[in-house]
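For reference, the structure discussed in these notes is given below.
Any read-out appearing in this document is the output of simple, stated calculations on the displayed coordinates, not a laboratory observation. Only a predicted model underlies this, so the values are computations on that prediction, with no experimental measurement involved. Cβ coordinates were reconstructed from backbone atoms using ideal geometry, including for glycine residues, and neighbour counts include every protein chain displayed.
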Amino acid sequence: MELQVTGAGKKAAKVEVSDALFGAPYNESLVHQVVTAYRAAGRAGTHKQKTRSEVSGGGKKPWNQKGSGQARAGTSRSPLWRKGGKIFAAAPQDYSKKVNKKMYRGAMRAILSELVRAGRLVLVNDLAQDKIKTRELAAKLAALELNSALIVTEQMDDKLALSARNLPKFAVTPAAAVDPVNLVGFDKVVMTVGALRHLEKVLA
């Protein structure tokens, strides 16, 4: 299949792309599973609270079992007391879910294909910046009629990334670091031809 390469304010030539990468059927359940697993893997899982056995103090019985007129109490570190432990204390845990390579690649192909069908993938030859200028990059993106987009380049472009840093609805990532969450999280995906060829080698 062929995709149109868009220039700033004009149409450029078409490029031949892999049908396996950009013509795959959309598998909603697979995409949901991979996106969920990717987001879960990003959770630190370092939350920790102390149970009644872990808080300091509370070794002595606060008062006699009988005769004081108060409710029975065996420790001042009961969850019912101030400075007591938590009843259902949070503990560190690993939230990651297993997703094999075949599933991941299949989900990426489904997402990219759906972006093409929905008209949300914009191909460009290049968006390189001669210098770090947010205004110049904003003008280029405005010429492409973009309000929110993920910019995917073949290699990490520091000048481009720094130019886009102050644009709140735009992000820049190299093709090697593109992930399913970013692909579905932006209105459109702007991809250079070089980045497209890289993804074809990795995913097709």
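Here are the numbers for the structure shown:
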{"read-out": "Proxy reagent accessibility, fewest Cβ within 10 Å first, across Arg72, Arg120", "value": "Arg72, Arg120"}
{"read-out": "Cα-based Lys pair tally, segment 1-107, threshold under 25 Å, eight or more apart or on separate chains", "value": "13"}
{"read-out": "Those trypsin sites (Lys or Arg not before Pro) in segment 134-170 that DSSP places in a loop and that have at most 16 other beta carbons within 10 Å", "value": "Arg165, Lys169"}
{"read-out": "Label-to-label distance, nm, for residues given as Ile87 and Lys60 (7 Å Cα→Cβ offset)", "value": "2.9 nm"}
{"read-out": "Approximate spin-label separation Arg120-Arg72, in nm, with each point projected 7 Å along Cα-to-Cβ", "value": "6.1 nm"}
{"read-out": "Coil-residue chymotrypsin sites (Phe, Trp or Tyr not before Pro) of segment 64-112, DSSP, other Cβ within 10 Å capped at 13", "value": "Phe88, Tyr95"}
{"read-out": "Efficiency of FRET from Cβ geometry, Met1 and Ala143, R₀ 30 Å, rounded to 0.05", "value": "0.70"}
{"read-out": "Cα Rg, Dmax (largest Cα-Cα span) when computed across segment 18-164, Å", "value": "28.1, 86"}
{"read-out": "Segment Met103-Val181, extension gain: residue separation times 0.36 nm, minus the distance between their alpha carbons", "value": "26.6 nm"}
{"read-out": "Principal-axis tilt of helix 134-143 within the chain, Cα atoms, nearest 10 degrees", "value": "60 degrees"}
{"read-out": "Sequence ranges 184-192, 33-41, 107-115, ranked by mean other-Cβ count within 10 angstrom, highest first", "value": "107-115, 184-192, 33-41"}
